[in-house]
1. Going by amide H atoms built from the backbone, whose H comes under 5 Å of the H on residue 110, apart from near neighbours?
2. Given the DSSP H assignment, sum -39500 (n - 2.57) over each helix run of at least 4 residues in the chain and divide by its residue total; what's the result at 222 nm in deg cm²/dmol, nearest 500?
3. So for segment 2-203, taking the charge dipole from beta-carbon charges (+1 Lys/Arg, -1 Asp/Glu), which of 133, 168, 180 sits furthest toward the positive end?
4. Please check the chain for the longest run free of chymotrypsin sites (Phe, Trp or Tyr not before Pro) that are loop-located per DSSP (anything but H, G, I, E, B) and have at most 13 other Cβ atoms within 10 Å.
5. For segment 27-69, run through the trypsin sites (Lys or Arg not before Pro) and keep only the ones in DSSP coil with at most 11 other Cβ atoms within 10 Å of their Cβ.
6. Amide H neighbours of residue 169 under 5 Å, counting only residues 5+ apart in sequence or on other chains, H built in-plane at 1.01 Å?
7. Across all directions of projection, what mean area in square nanometres is found for the Cα convex hull of the chain?
8. What fraction of the DSSP beta bridges in segment 2-203 is antiparallel, stated in percent and rounded to the nearest 5?
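Rule-based calculations on the coordinates, nothing more; no lab input. Fair warning: this is a prediction, and the values are worked out from it, not measured in the lab. As a convention, Cβ positions derive from the backbone with ideal geometry for all residues, glycine included, and neighbour counts pool all protein chains shown.
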Amino acid sequence: MKVLVVFYSMYGHIYRMAEAVAEGAREVEGAEVELKQVPETLSEDILKKMGALEARKSFSHIPVAAVPDLGTADAVFFGTPTRFGNMCGQMRQFLDATGSLWAKGALVGKVGSVFTSSGTPHGGQESTILSFHTTLLHHGMVITGLPYTFTGQTRTDMVSGCSPYGASTIAGGKGDLNPTEIDLAGARFQGRYGATIAAKLARA
């Protein structure tokens, strides 16, 4: 069973969450897990002005995804920062190129799952994941989220991400925050849960 974690990360927050999702998926017997990032659409000059070049070096070794990669996986986890309550433009552009997969029904019946980050606690985490689901449903994917059996998302003694729609983290207005242990635990849970469902579907 092949699991693909495909993400876009500007400052590294989504990359760290993607690693945690992959860790969880690898706990499922028979899962072969691969991380890939979607192509960058911004120039190096713009990234430098945004202060993102240095942070991006930490995951520069992660290969760039191509659209056909999605069709070879049994489960695909998508990671994107929120942009005005939606997925980022880089992820949108990547998915807008998947028409050939849609035409062939290449993703029908495969598990699809989404995780995200935002600058503030109310920066659009839930709307980003829910609006992302629309694309996955058009492809006929089986959506998995983050069930309440992950009890970390019910804690109120600290500020953290995660919801029943998927794992998430708060990056801070200047990208100065790191994923909390709850955020990372949620991402691992989501990876393990989604891969478990994919394994059951593969055996059906």
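1. 142
2. Dividing the helical sum by the residues of the chain leaves -11500 deg cm²/dmol.
3. So the residue furthest toward the plus end is 133.
4. The reported range is 1-83.
5. Working: sites: 36, 48, 49, 56, 57; in loops: none.
Passing sites in segment 27-69 do not exist.
6. 116, 117, 118, 162
7. That works out to 10.6 nm², a quarter of the Cα hull's surface.
8. Restricted to segment 2-203, the bridges split so that about 10 percent are antiparallel.
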